[in-house]
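Chemist: First the structure, which I've put down as structure tokens, then a few questions once you've had a look.
The values are calculated or read from the model by the stated rules, or taken from the named source; none is laboratory data. This is a predicted model, so every value here is computed, not measured. Backbone-built Cβ (ideal geometry, glycine too); neighbour counts: all protein chains shown. Remember, those area values only see protein heavy atoms, side chains included, never the ligands or the DNA or RNA. Shrake-Rupley method; radii C 1.70, N 1.55, O 1.52, S 1.80 Å.
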Amino acid sequence: MHPIRHAKALVRERLTNVVRSEVRAEMRTTATLAAQVVEARQAGASRLASTYDHTKSPSDEFYGDLAERLRGAGVHVQTKQVDVARFSDWAEGHPGLWDCYYGDPATRVEKLLEHFLSEESTRLTAGMAYIDVAAAGGHWVSCLRGAGLNALALDLSYPQGVHGWRIGADAQEIPLPSGSVDAVSAQCAFECFQGGADVGFMREAARLLRLGGRLAIVPLYVEDAHFIATSPYTIVEPGCFDEGAAVVWRDDEYDEPFARHYSPEALVDRLGDALGLFSETRVVHMTNLESLRERWPGSRLYAYFMLECRK
Ligand SMILES: C[S@@+](CC[C@H](N)C(=O)[O-])C[C@H]1O[C@@H](n2cnc3c(N)ncnc32)[C@H](O)[C@@H]1O
């Protein structure tokens with residue numbers, strides 16, 4: 001065959017193979033997703049997140065009982081009353097945040113509360129090196145940078161590597177030197193860490209923080225049963241599920257692929273060793289979210305627990 005024709009035939013054959021294999025992979029994914037959607041639609045209550053997840057219609061009493069169960073499991077739990085007047089002033093002092101959060105006005109105050117609690121807990125001030133981990137979609141870091149703080153945003157979904165104040169990395173493997181950071185937080189994020197990434201992130205935070213540096217995780221999702229809610233619209237690798245956890249379908253308006261909620265016992269079991277890497281650790285239990293609901297009627301507030309660690 002003429003060399004040019006031969007080359008064309010080769011290229012055609014290679015391209016056909018590539019396209020075929022892409023189409024096959026896409027068909028497999030589509031078939032799996034379709035099967036998941038059908039399964040989720042037909043699932044009984046025991047397979048649906050709404051059966052296990054009390055954050056949708058939260059009650060102070062339910063989470064108060066859980067705080068007792070955490071203590072029974074050996075966790076250091078400290079109660080905290082959010083200072084409503086101070087938080088209210090803080091929210092008014094951050095109009096940029098108030099205006100950009102979020103699609104759902106019912107969770108706007110919850111988002112602001114998470115930022116407020118993280119800032120308070122890590123004692124954020126100008127001059128500190130701070131990383132907001134799993135930050136994509138949030139406005140917190142740009143707000144802090146606007147106020148002159150040295151805040152960095154890290155997320156798995158950003159382009160890999162350090163690009164100015166944005167870091168594309170797994171929370172378990174952050175490309176910064178040990179002891180180089182004053183504060184780390186994860187807001188509305190820790191529950192999304194699949195497989196061993198919850199433990200991996202705790203270990204990585206302990207490595208990154210300088211002595212005396214602080215980590216805040218808010219909310220810390222604790223429920224009476226250990227469960228993982230997954231979206232039928234995404235494929236989660238089977239190896240990412242915790243042993244002993246109920247795996248259920250999300251049946252709310254969000255399609256976040258993965259959300260882990262610990263039982264008090266599962267929390268100790270999974271995170272106990274990693275918590276030992278810090279000199280102080282406590283679960284903070286917010287006991288007056290009802291007062292915030294009275295102040296901002298119609299708000300869905302569920303940051304009952306946060307995890308605070310000091311290196
Ligand atoms: C609900 S969003 C975060 C919301 C944001 N923190 C805020 O306050 O609005 C969860 C984020 O976690 C990120 N994520 C999930 N697993 C991660 C991992 N192992 N390392 C870093 N980021 C991760 C996802 O890419 C996603 O952007």
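Chemist: Divide, for region 1-154, the radius of gyration over alpha carbons by 2.2 N^0.38 Å, where N is the residue count. Each step should come with its number before you reach the end.
Modeler: Values: Rg = 26.0 Å, N = 154, 2.2 N^0.38 = 14.9 Å.
Against the empirical 2.2 N^0.38 Å value, I get 1.74 for region 1-154.
Chemist: Let me ask something else about it. Using 0.36 nm per residue of separation minus the Cα-Cα distance, give me the extension gain between Arg47 and Asp273 in nm, one decimal.
Modeler: 78.3 nm
Chemist: Looking at the chain only, what percent of DSSP beta bridges run antiparallel? Nearest 5 please.
Modeler: Restricted to the chain, the bridges split so that about 40 percent are antiparallel.
Chemist: Tell me, what ³J(HN,Hα) does each residue in region 222-232 have, in order and in whole Hz, if you take phi through Karplus 6.51 cos²θ - 1.76 cosθ + 1.60 with θ = phi - 60° and put x for Gly and Pro?
Modeler: After applying 6.51 cos²θ - 1.76 cosθ + 1.60, I find 10, 9, 6, 10, 7, 9, 10, 9, 10, 7, x Hz.
Chemist: Compute the accessible area per residue over region 45-310, keeping the other protein chains in place, probe 1.4 Å, unit Å². Mind dumping the intermediate values first?
Modeler: Working: 11100 Å² over 266 residues.
For region 45-310, the solvent-accessible area averages 42 Å² per residue.
Chemist: Which of Thr30, Gly244, Val284 sits farthest toward the positive end of the charge dipole of the chain, with +1 on the Cβ of Lys and Arg and -1 on the Cβ of Asp and Glu?
Modeler: Thr30
Chemist: Give me a comma-separated list of calculated 3J(HN,Hα) values for region 290-303, in order, Karplus coefficients 6.51, -1.76, 1.60 applied at θ = phi - 60°, integers in Hz, x for any Gly or Pro.
Modeler: Running phi through 6.51 cos²θ - 1.76 cosθ + 1.60 with θ = phi - 60° gives 4, 5, 5, 5, 5, 6, 10, x, x, 7, 9, 10, 9, 7 Hz.
Chemist: Find the eigenvalues of the gyration tensor of the Cα atoms of region 1-42, then list the square roots of 5 times those eigenvalues as equivalent ellipsoid semi-axes, largest first, in whole angstrom.
Modeler: 40, 4, 4
Chemist: Using Cα centres only, tell me the gap between region 159-194 and region 1-28 in whole Å.
Modeler: 40
Chemist: Measuring from the lowest to the highest alpha carbon on each principal axis, how far does region 163-226 reach, largest first, in angstroms?
Modeler: Its Cα atoms span 38, 26, 18 Å along the three principal axes.
Chemist: Could you state, as a whole-number percent, how many of the C-alpha pairs of region 32-98 are farther apart than 20 Å? Before the final figure, lay out the partial values.
Modeler: Numbers: 1387 of 2211 pairs.
The answer is 63 percent, as a whole percent.
Chemist: How would you rank 305-311, 7-13, highest first, on the average number of other Cβ atoms within 10 Å across their residues?
Modeler: On the way: 305-311: 22.3, 7-13: 10.6.
Peptide ranking by packing, descending: 305-311, 7-13.
Chemist: Sticking with this one: Please list the radius of gyration and Dmax for region 87-173, considering alpha-carbon atoms only, with Å as the unit.
Modeler: In order Rg, Dmax, the Cα atoms of region 87-173 give 13.2, 38 Å.
Chemist: Now for a separate question. Can you compute the charge dipole magnitude of the chain about its Cα centre, using +1 on each Lys and Arg Cβ and -1 on each Asp and Glu Cβ, nothing else charged? Give it in debye, rounded to the nearest 20.
Modeler: 1280
Chemist: Ratio to report: Rg/Rh of the chain, with Cα atoms as the point set and Rh obtained by the Kirkwood method; give two decimals.
Modeler: 1.05
Chemist: Now a separate question. Within the chain, how many lysine pairs that are 8 or more places apart, or on different chains, have C-alpha atoms less than 29 Å apart? Walk me through the numbers on the way to the answer.
Modeler: Details: Lys56/Lys80; Lys56/Lys111; Lys80/Lys111; Lys80/Lys311; Lys111/Lys311.
Eligible lysine pairs with Cα atoms under 29 Å apart amount to 5.
Chemist: Would you mind telling me the share, in percent, of accessible area of region 1-42 contributed by carbon and sulfur at probe 1.4 angstrom? All intermediate terms of the calculation are to be shown ahead of the outcome.
Modeler: Working: 2320 of 3870 Å².
Carbon and sulfur together cover 60 percent of it.
Chemist: Could you tell me which of Leu144, Leu275, Gln172 has its Cα farthest along the dipole of region 45-310 towards the positive end, charges placed at Cβ (Lys, Arg +1; Asp, Glu -1), taken about the Cα centre?
Modeler: In region 45-310, that residue is Leu144.
Chemist: Using only Cα atoms, locate the centre of region 236-311 and the centre of region 40-69, then give the distance between them in Å, rounded to an integer.
Modeler: Answer, in whole Å: 12.
Chemist: What percentage of the solvent-accessible surface of region 45-310, computed with a 1.4 Å probe over protein heavy atoms, is contributed by carbon and sulfur atoms? Working shown, then result.
Modeler: Working: 5650 of 11100 Å².
Solvent-exposed carbon and sulfur of region 45-310 make up 51 percent of the total.
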